[in-house]
Structure formats: structure tokens, C-alpha cells
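So the structure is just underneath, and the comments pick up after that.
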Amino acid sequence: MCGIAGFLQAGGGRGEEMERRAGVMADTLAHRGPDDRGVWVEAAAGIALGHRRLAVIDLSPQGRQPMLSRDRRWVMVYNGEVYNYRQLRRELGGRWRGSSDSEVILEAVSRWGVERALRRFNGMFALALWDRRERRLYLARDRLGEKPLYYGWRGETFLFGSELKALQAHPHFRGEVDRGVLALYLRHNYVPAPYCIYRGLHQLPPGTWLEVGAGRRGAEPRPYWSAREAAERGVRDPLPADEQEVLARLEPLLQEAVGMRMVADVPLGAFLSGGIDSSLVVALMQAQSGRPVRTFSIGFTIPRYDEAPFAREVARHLGTEHTELYVTPEQAMEVIPRLPELYDEPFADSSQIPTFLVAELARRQVTVSLSGDAGDELFGGYDRYWWGRRIWRRARLIPWPLRRGLARLLRALPPAVLEALMRPVAPLLPPEVRRRRPGEMALRIASYLAERDPEGMYLGLVSHWRPEDRLVPGAVEPPTVHSDPGQWARVDSFTRRMMFLDLVGYLPHDILVKVDRAAMGVSLETRIPLLDHRLVELAWRVPLELKLRAGRGKWILRRLLYRYVPPELVERPKKGFGVPIDHWLRGPLRPWAEDLLDEGLLRRQGLMDPAVVRRRWQEHRDGVRDWHYHLWDVLMFQQWWLRWQDQPPTPGAEEG
């Protein structure tokens with residue numbers, strides 16, 4: 001795992017100056033690669049590549065980057081792992097300088113070309129390739145978006161890097177907040193690709209590659225793999241609805257995916273929450289390991305958020321070498337000031353805090369940790385997959401104008417009236433809604449009723465701030481996969497459409513961003529076996545009735561896990577991985593929040609309506625309503641803005 005950065009400037013440049021600039025950009029990513037540093041420059045062509053290395057495979061100097069191909073045509077900087085590199089190495093043949101996957105990537109590109117090589121890679125990666133003969137720069141990102149890559153033009157200079165802080169270190173960088181993207185962030189609590197919080201910059205979408213020539217701005221990302229096509233193919237060619245046949249296909253492929261991700265020349269372990277996905281990954285690791293697997297979990301003194309006892313029991317049953325840490329509220333809150341450095345684009349999933357803490361715990365003993373992420377999106381683990389369709393079946397029986405009027409009425413009622421109305425009907429509502437306060441339940445129901453179609457209901461379900469809140473005056477949200485029907489997979493049910501939207505929206509832009517930045521912030525590489533693209537494609541062939549059954553999701557994964565772990569150790573209501581932000585904002589975080597939500601500061605920024613923010617802050621602070629999700633979005637933006645927009649330029653990034 002590493003950090004990459006660089007630039008391509010029209011007309012060439014001075015080698016020494018370009019080398020210094022690329023080095024400064026790369027050094028902002030030292031947390032992603034603390035073991036080594038490298039820079040490569042071709043001044044006449046205007047290209048400079050920078051690299052920070054976290055040595056995981058081939059720890060020798062033969063694994064250093066930037067790296068040249070055998071024929072010296074291609075130069076590469078690369079972040080990630082290609083897990084099938086040994087198979088490709090045998091197929092490519094020839095003499096090899098070392099044993100790294102980086103060398104295999106270069107030779108595959110040299111032999112097969114960029115696009116064909118990308119299709120052969122099984123892994124997580126973001127890479128930059130310079131073709132010295134054709135003077136072309138290529139960027140590429142893995143299929144599901146595990147590794148980040150930002151890019152864009154500033155004047156006649158094309159910049160790229162693993163994180164925005166690398167681009168900001170270049171003297172030509174200018175950063176103007178994009179108001180439409182800010183509105184998207186406040187809706188979703190993340191910035192979805194291809195957008196970036198800065199106008200004119202972009203995230204390379206998962207599964208795409210980009211070709212750039214000096215001074216040529218028209219390049220568009222091109223897909224080499226499509227989650228939409230994988231979903232549509234899978235639904236067209238389903239497996240038989242037979243548990244044993246599906247398990248016979250699923251188990252060996254998942255075993256192989258886990259085994260491939262256990263290859264490392266450094267200590268390796270796994271996150272273990274005691275839930276279905278992480279327990280299954282750890283069980284398959286332990287089945288293939290000659291020694292106890294190192295597992296890590298954190299606990300909280302508040303029972304509502306504490307999963308450590310469940311993880312402990314699973315670890316004891318599997319015989320892992322388990323480490324757990326109980327975190328105090330004070331320790332958790334100490335992470336908050338670090339968040340703008342870890343997430344240098346606004347990001348507001350509050351589970352970023354415990355994710356960082358468990359990564360920090362694991363890094364004390366290992367350099368690589370496997371994770372159980374993606375099981376919910378692929379195998380139907382979220383409550384909304386079960387009850388979302390049930391709500392829509394009932395809601396659509398009411399004419400839309402009547403539903404819209406009822407939604408407006410619910411939103412207009414005082415909180416005390418809402419609470420009185422909701423108490424009698426609360427037992428009839430889905431668990432995910434029932435866990436909210438009565439008034440919050442009513443507002444959530446109003447958001448469902450106001451929508452014309454199920455996809456609109458889903459968008460309302462996953463939205464925080466909505467356009468009608470008018471938080472960002474004059475902002476127009478750019479289209480996303482959620483709002484553009486042309487991007488939806490043509491699948492046969494609303495439930496599958498929700499799962500697809502989570503696979504291409506929530507998973508890469510929230511879950512994977514959260515894990516990558518938290519783990520790389522402590523120089524820990526994370527690997528996610530369930531995101532092996534072959535497993536993703538197989539999951540779409542699994543009949544829905546083998547994913548959702550008897551009121552529960554991930555049914556087929558549970559059946560597989562029971563071969564390794566007794567059901568009583570893992571069967572319990574889903575908790576999530578969070579911290580009590582709602583209570584902290586009324587207690588120990590209240591002075592911090594008051595400063596960030598100061599009306600004068602909001603007016604000086606000129607981005608959000610101070611009256612809207614202050615009204616919701618007052619209602620939350622006084623216990624009238626629970627707005628902690630909405631307020632955390634604003635607070636994380638404010639903290640980001642003060643660090644990255646209201647600060648002097650990065651030292652060493654002077655004009656030149």
C-alpha cells in the first residue's frame with residue numbers, strides 16, 4: 001500500500017524544480033507510505049511522478065517505485081495490491097528483477113496494453129502510468145473503488161494524487177468550493193465520484209481508466225469493468241434457488257479470495273466485530289493459517305455501542321490471537337481534531353471515529369488487516385432491503401397528491417404533537433425506523449410518503465439535508481447514480497435496485513473511503529475479500545430468496561458461517577459501528593459545536609444559510625429533536641473548511 005502523486009505540465013520544465021515539487025506532493029502522503037520515497041522526472045516531456053511506499057510484498061529495493069518496465073518504455077507509480085500477480089507472472093514469463101506485483105503490472109501493460117491488462121488484474125489499486133514513447137499519461141482505479149485517486153487541470157498543469165492534500169501541495173493548485181457538490185455532500189454525508197469538493201477537480205470513478213496528453217483537456221474516464229453490467233448479467237443468468245448448490249459455488253471462491261489476500265511479507269491480521277461478515281472472513285483465514293490469526297476489536301462502555309463481547313466469543317471459538325481495547329468517550333473524542341487531516345475532503349460518517357481507533361489498535365501488531373466489508377451490499381444485510389419494499393407496497397396504494405399533502409402536514413406539526421401521534425403506531429414500524437424517537441419516526445415516514453416512485457423513496461431514505469431545506473442557497477446538485485435513472489441497473493425488483501445503488505454509491509463513497517483514510521492514517525493496509533470482483537459477479541447470480549429470508553438478510557452467508565461458528569455466537573440484532581454523537585453534542589462536544597456553528601463564521605464563509613443551521617442546532621441542543629446526523633455533516637464541513645480553506649498555503653509550495 002502506498003501513496004502516489006504527480007503532474008504533467010505543457011511545454012516541459014526544469015528537472016530540478018519538477019523533482020522538488022513532486023517530492024513535496026509525495027511527502028504529504030507519508031502516512032500512506034512511511035517506508036520509502038521516490039521521484040521520477042522527464043523534464044522535456046513535463047512529467048513528474050512521486051511515490052511513498054508502505055512495503056508489504058518484496059521488501060527489497062527491487063520493489064521500489066517509481067518503477068520502469070524491462071523495455072524502459074513505461075514508468076509507474078502504484079498504490080494497492082494485485083492479488084493474482086503470481087499467476088500473471090507465470091503467464092508472462094521472462095527474467096524478473098524482484099518478486100513484487102508492481103513489476104508484474106508493468107510487464108502486463110507492456111505486453112497487453114493498458115485496458116487489457118487492467119481487465120486481467122484481480123486487486124485493489126490506483127495507478128499512474130507514463131508511456132515514454134507516446135508521451136501519454138494513464139490513470140486507473142480498481143473495479144469497486146477501494147483505492148482513491150483525484151485529478152484535474154490547474155492552468156496548463158494536470159495534477160493527480162491519492163489524496164487532495166497532494167494536489168494542494170503543488171504551487172498551481174487553486175481550491176474553490178463547488179456549491180453544487182457541497183449540497184451533494186450535505187445530502188449524503190460524502191462526496192460521490194466523479195465529483196470533488198473543489199470546482200474543476202474530480203475523483204476517478206471505480207472501474208475506469210483515463211488517458212491524458214500534455215495540454216489536452218478533453219479526456220473522459222473509460223470503463224474497463226462495470227458494476228451495472230455485472231448486476232444485469234447476474235440477474236439474467238441466476239443460479240438455481242438451491243442452498244447446497246449455491247454454497248458449493250460460494251465457499252471455494254470465498255476461500256480463494258481470502259487466501260489470496262493473506263499473501264504478505266509483513267505481519268497480517270483481521271478486524272473482528274463478531275458479526276456475520278467479519279466472523280466469516282476470520283473463520284476462512286483461520287482455516288487456511290498454520291498459526292492463530294491475529295484479530296482486533298474495540299469496545300465501548302455504553303452497551304448500545306459495544307460489540308466487543310460478541311467478537312471475544314467468536315475469537316475464542318475460532319482460536320484466534322485476539323486483542324481488544326475498551327475505549328472511553330474521552331479517547332474517542334480525542335480523534336475528532338484529527339479528522340480533517342485524515343479526511344481532506346469533507347466526510348461525515350461518524351463511524352469514522354471507531355474505525356480509526358480499531359485501525360490504530362491493529363497497527364501496533366500488524367501491517368495488513370483483512371476486513372468483512374461489503375457483505376451487506378452484496379447479500380442483503382441492511383434492514384431497508386427487507387422493509388423498504390413492504391413500505392412502498394403500502395404507500396403506493398395512496399394517491400401521490402394525498403401522500404404529498406400528508407407528508408407536508410407531518411413536517412409542519414409541532415414535535416410534541418408528532419410524538420403523541422406516533423406512539424400508538426410505533427410497534428408496527430420497521431426496526432430501523434422504530435429505533436428513532438417518535439418525532440423522528442414521523443419525519444422519516446413523511447420523507448417516504450412525499451416521493452412519487454420507490455427510487456425516490458430510497459433517495460429520501462439515504463438523504464440527510466434535502467434541497468427543500470435550502471441549506472446551500474442557489475446550489476444545484478449535479479446528477480448522481482441516485483438521481484439519474486439512466487445509470488440504474490435494469491434488474492427485476494426494487495430490492496435489487498436498492499442493493500445496486502448501495503454497491504455503486506454508499507459502498508465506494510462512504511464505507512471504502514472511511515476504511516481507507518482511517519487505516520492509511522496509521523499506515524495500515526486493509527484488504528476486503530468480499531470485494532473480489534468474481535465474488536461480486538457471483539453474488540448477483542444468487543437468487544434473492546437466498547439472501548433475504550425469514551425477515552433477515554445475508555441468509556446464504558449465515559448458512560456458510562454456521563459451518564465454522566455456532567449460530568448462537570453471531571445471531572443478534574444489527575448494531576452498526578458508531579459512537580453517541582447525539583448525546584455528545586448536547587454534552588462534552590457542545591462548546592466545540594457552538595464555535596463551529598457560530599453565525600458570524602457561517603456568514604463569513606457565505607456557503608450555508610446561518611438561520612437554517614442555527615435553528616436545527618438549537619432544536620438539537622435543547623432536546624426538541626434529534627438532528628445529529630445533519631449537524632455532524634455541517635460540523636465536519638466546518639472543521640474541514642477551517643483546516644484547508646482558512647489556512648495559509650502549504651510550506652514549500654511557493655509560486656514558481
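Some notes on this structure:
- The charge dipole of region 2-225, taken about its Cα centre with unit charges on the Cβ atoms of Lys, Arg (+1), Asp and Glu (-1) only, comes to about 340 debye.
- Spatially, region 181-214 and region 283-301 are offset by 35 Å when compared through their Cα centroids.
- Spin-label proximity, ARG135 to region 11-31 - amide N less than 13 Å from point 7 Å beyond Cα toward beta carbon: 11-13
- FRET efficiency, 1/(1 + (r/R0)^6) with R0 56 Å, evaluated for ALA248 and GLU619 via beta carbons: 0.55
- Look at the Cα gyration tensor of region 21-85: its axes a ≥ b ≥ c give a/c of at least 1.5 with a/b at or below b/c, and that counts as oblate.
- Helices that extend 24 Å or more along their long axis by alpha-carbon positions and average at least -0.5 on the Kyte-Doolittle scale are, among the DSSP H runs of the chain, 243-260.
- Computed from label points 7 Å out along Cα-Cβ, the spacing between VAL266 and ARG572 is 3.2 nm.
- Considering only ALA128, LEU410, GLY218, the residue lying farthest towards the positive end of the dipole of the chain is LEU410, judged by Cα position with unit charges set on Cβ.
- Part-to-part distance (alpha-carbon centres) for region 584-647 and region 231-268, which is given in Å: 44 Å
- Rounded to the nearest 500, the 222 nm mean residue ellipticity of the chain from helices alone is -12000 deg cm²/dmol, with -39,500 (n - 2.57) taken per DSSP H run of at least 4 residues.
- Rounded, prolate or oblate (a/c below 1.5 giving rounded, otherwise prolate when a/b exceeds b/c) for region 88-239 by Cα gyration tensor: oblate
- Pairs of Lys residues in the chain, spaced 8 or more positions apart or belonging to different chains, with C-alpha separations under 17 angstrom: 6 in total.
- Span from the region 2-79 Cα centroid across to the region 514-542 one, whole angstrom: 25 Å
- Student exercise, region 355-427 dipole from Lys, Arg, Asp, Glu Cβ charges, in Debye to nearest 20: 620 debye
- Contour minus Cα-Cα distance for GLN487 and TRP400 (0.36 nm per residue): 28.8 nm
- Taken about its Cα centre, the chain carries a charge dipole of roughly 1320 debye when the Cβ of each Lys and Arg holds +1 and the Cβ of each Asp and Glu holds -1.
- Taking label positions 7 Å along the Cα-Cβ direction at both GLU321 and ARG304, the computed distance is 3.7 nm, reported to one decimal.
- ALA550 paired with ARG534, simple spin-label distance in nm, labels 7 Å along Cα-to-beta-carbon: 3.1 nm
- Mean separation of Cα contacts under 8 Å (6+ apart) over length of the chain, as relative contact order %: 16 percent
- Taking every Cα-Cα distance in region 124-170 and sorting them into 5 Å bins starting at zero, the pair-distance distribution P(r) comes out as 5, 19, 25, 25, 17, 8, 1 percent.
- Pairwise FRET efficiency - GLN288 versus ARG174, Cβ, R0 = 51 Å, nearest 0.05: 0.55
Only the coordinates and a few stated rules stand behind these numbers; no lab work does. Keep in mind it's a predicted model, so treat the numbers as computed, not measured. Note that we place each Cβ from the backbone using ideal geometry, even for glycine, and neighbour counts take in every protein chain shown.
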